[in-house]
Every structure is written in C-alpha cells, then in structure tokens.
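**Student:** Have a look at the structure that comes next, please.
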Amino acid sequence: MRFALLSLLAGCSTPTAGVYGVTVTNTATSCPDDFFPLAAPVDTLEIEVAVKVPEVVLQLIPEEHCPLDGMAFSCEYAGQDDEVDYNADGLDALTTTDAGIRGEWSDDDSLTALTSLSSVCEGTQCAELAETGKPECTVVWYWEGELVEG
C-alpha cells in the first residue's frame with residue numbers, strides 16, 4: 001500500500017512534457033525609465049519541457065537549458081551575467097550584472113515564472129557611473145504560461 005501511494009505521488013510530480021507559451025503579466029523595477037533592460041525581454045517566450053532529461057529549454061539566443069526539479073526550475077542566463085571593471089576608464093567602479101529565471105508549475109499544464117536582472121556596483125565612484133546611465137538597480141518580469149503543444 002505504501003509503495004503504491006509513493007508511486008502515485010511520484011508520478012504526479014512533473015509537468016506535462018511539451019512546449020509552453022509564456023507571457024509577461026507584470027514588471028517591477030528600481031531602475032530609471034531610460035534604463036536599457038526595463039523593456040520586457042520578449043513579449044512571449046516559448047519553453048520546452050523535456051521530462052526524461054529532465055530539463056526546461058528556453059527558446060532564446062543562445063538557448064538556455066535549465067534543470068527541472070519536480071515541478072520547478074531555476075537557472076542563470078549565461079549570456080547576461082557580466083562583470084565590468086571601469087578602472088581602465090579612470091573610475092573606481094566595478095559592476096556586476098546577474099540575470100536568471102525561475103518558475104514553478106501550479107498544475108501539470110500551467111506555470112508561473114519570474115525573470116530578473118540585477119546590477120550592483122562596488123567602488124568609490126559608483127555614483128558617477130550611475131550618472132552615465134549605469135545605475136545599481138533590479139528589474140523583475142513576472143510570467144504566466146500554458147501548455148500549447150504536448
């Protein structure tokens with residue numbers, strides 16, 4: 001009896017494999033209006049869920065492969081993480097930008113996710129760098145998605 005119950009629970013712990021259409025539902029930011037990443041990355045995002053691997057594949061350039069852990073996934077965007085040292089430009093400032101996505105299925109065919117981009121600065125001249133359009137700030141995009149092709 002116990003094995004049957006565990007098997008039943010384990011069988012329900014992954015989303016339906018297939019392609020999901022995901023759209024932005026809200027944006028929150030501490031960045032100024034003219035900050036580049038304030039616009040949503042794309043209007044809609046397609047993600048593919050491969051349960052056998054298990055992974056979530058984000059259809060971006062470049063493609064991102066995120067590990068799927070039961071009904072959730074999380075990963076950093078390899079193409080967006082960045083560290084820039086402005087000392088060669090005469091400013092005592094080092095900025096680090098981190099970006100990533102995480103999501104969770106509310107049922108087998110529906111998910112919510114959030115994408116975030118955060119920029120931080122270390123050094124004595126971060127205020128001067130912010131005046132040139134490179135402030136410390138964070139942008140978060142909230143997404144909802146449904147299975148479109150199973």
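**Student:** Just to verify a number: FRET efficiency for residue 96 and residue 131, C-beta to C-beta distance, R0 = 30 Å, to 0.05?
**Tutor:** E between residue 96 and residue 131, to the nearest 0.05, is 0.95.
**Student:** So how exposed is residue 82, as accessible area in Å² (1.4 Å probe, rounded to 10)?
**Tutor:** 80 Å²
**Student:** For residue 19 and residue 78, calculate 0.36 nm times their separation in residues minus their Cα-Cα distance, and state this gained length in nm to one decimal.
**Tutor:** Once the chain is fully extended between residue 19 and residue 78, it gains 19.1 nm.
**Student:** Ignoring ligands, DNA and RNA, what percent of the accessible area of the range 76-150 is carbon or sulfur (1.4 Å)?
**Tutor:** Carbon and sulfur atoms account for 43 percent of the accessible area of the range 76-150.
**Student:** What does the extension gain come out to for residue 104 and residue 89, with contour length at 0.36 nm per residue minus their alpha carbon separation?
**Tutor:** Working: separation 15, 0.36 × 15 = 5.40 nm, distance 4.24 nm.
So the extension gain works out to 1.2 nm.
The values are calculated or read from the model by the stated rules, or taken from the named source; none is laboratory data. As the structure is a computational prediction, the values presented were derived from the model and not from experiment. Ideal geometry is used to build each Cβ from the backbone, glycine not excepted, and the neighbour counts take in all protein chains shown. The area values use the complete protein model at the heavy-atom level, side chains included, leaving out ligands, DNA and RNA. Shrake-Rupley method; radii C 1.70, N 1.55, O 1.52, S 1.80 Å.
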